[in-house]
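The values are calculated or read from the model by the stated rules, or taken from the named source; none is laboratory data. Quick caveat, the model's predicted, so the values are computed rather than measured. Neighbour counts run over all protein chains shown; Cβ positions are idealised from the backbone, glycine included. Note: accessible area is taken over every heavy atom of the protein model, side chains too, but ligands, DNA and RNA are not part of it. Shrake-Rupley method; radii C 1.70, N 1.55, O 1.52, S 1.80 Å.
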Amino acid sequence: MNSSATGAVMTDVGQRIEQIDWERVFHEIDQRGNAVLEDLLTPVECRDLSDIYRRDDLFRSHVVMARHGFGRGEYKYFNYPLSGIVEELRQGLYARLAPVANRWNEAMGVDVRYPPKLTDFIERCHHAGQLRPTPLLLQYGEGDYNCLHQDLYGEHVFPMQVAILLSEPGRDFAGGEFVLTEQRPRIQSRPEVVSLRQGDAVAFAVHHRPVQGKRGVYRVNMRHGVSRLRSGHRHTLGIIFHDAK
């Protein structure tokens, strides 16, 4: 079933989510704190999503990073109701990641558990005053970058999120790599650059994740960002599962 980026339901996106090798994803995200989901979106879907960046009626706010010390570039948060493909991605990916989130919290001794359905978790956020949707589109031009950060918006935080590259490296832009850092107790931070192609997604830890050590499980602190764009333009769709105050 075909649909535009602002349409109601795109069943082919749901089918692609189901066809992902989730055992591999779970293993990689447990081992490294991130995993690539290849070909999650088609080139047409990527172009349609990039094009709607110009439609201010779909967004609740516009952030210019340099004004806040976040880096250079800009992004826009979607408003409710979310456009069809964004809502389908958010619900479908949450359902797959929620069991991992619960397992992580159990390993770290955190009492919070996440319900199987996103709608129930969003209701929890709204009861706590986190009413504003957090999925966003990011736009970078030459010289732009995103400082290392964590997307924490209130009391309720889902411990993973997903970024989907909408532009093609080498054709649309150069540079602009997705970067993660992992800070472990009493040792220096470990960086990792995640290579993506157009339509690929990366699922990664928002804040903390558990690591098995010699004396048991301990927490590591994660941050993410984007390196400097050397040329061209880069668009990314960010899927964050908790809402913001």
**Condition check for P115: over 20 Å from H224 (Cβ atoms), open to solvent by less than 40 Å² (accessible area, probe 1.4 Å) and either part of a loop (DSSP other than H, G, I, E, B) or not charged (D, E, K, R) (or both)** = yes
**Message:** Being surrounded by 11 or more Cβ atoms within 10 Å (Cβ to Cβ), closer than 17 Å to W104 by Cβ and touching a Phe, Trp or Tyr at 6+ places or on another chain (Cβ under 7 Å): is that true of V211 here?
**Reply:** yes
**Request:** Restricting attention to the stretch 214-234, report how many residues are assigned to a strand (DSSP E or B) and either open to solvent by 30 Å² or more (accessible area, probe 1.4 Å) or over 29 Å from R60 (Cα atoms) (or both).
**Result:** 9
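So that you can scan it fast, the table gives a plain yes or no per residue for (1) closer than 27 Å to N34 by Cβ; (2) modelled with pLDDT under 95; (3) crowded, with 19+ Cβ neighbours inside 10 Å:
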| residue | (1), (2), (3) |
| --- | --- |
| S50 | yes, no, yes |
| V63 | yes, no, no |
| P81 | no, no, no |
| R96 | yes, no, no |
| V110 | yes, no, no |
**Asked** Mind checking which residues of the stretch 1-48 are part of a loop (DSSP other than H, G, I, E, B), at pLDDT 95 or above and surrounded by fewer than 19 Cβ atoms within 10 Å (Cβ to Cβ)?
**Response** D21, E38, D39, T42
**Prompt:** Only one residue in Y140, Y145 is buried (at least 21 other Cβ atoms within 10 Å of the Cβ) and among the hydroxyl-bearing types (S, T, Y), so which one is that?
**Reply:** Y140
**Whichever residue in the stretch 127-137 is out of contact with any Asp or Glu (no Cβ under 7 Å at 6 or more places or on another chain) and farther than 17 Å from Q161 by Cβ and, among such residues, is surrounded by the fewest Cβ atoms within 10 Å (Cβ to Cβ)** = H127
**Request:** Go through the stretch 177-214 and count every residue that is in contact with a Ser or Thr (Cβ under 7 Å, 6 or more places away or on another chain) and of a type in the set (D, E).
**Result:** 2
**Complete:** Matching residues in the stretch 171-181 (in contact with a Lys or Arg (Cβ under 8 Å, 6 or more places away or on another chain) and either more than 20 Å from F26 (Cβ to Cβ) or open to solvent by 30 Å² or more (accessible area, probe 1.4 Å) (or both)) number 6
**Message:** Among the residues in the stretch 105-115, are any among the basic types (K, R) and under 19 Å from the mean Cα position of the chain (by Cα)?
**Reply:** no
**Item:** In the stretch 182-199, residue most open to solvent (accessible area, probe 1.4 Å) [restricted to those that are in a strand (DSSP E or B) and closer than 24 Å to L40 by Cβ]
**Value:** V193
**Message:** Scan the stretch 158-170 and tell me whether some residue there is closer than 13 Å to D243 by Cβ, open to solvent by less than 40 Å² (accessible area, probe 1.4 Å) and outside any strand (DSSP E or B).
**Reply:** yes
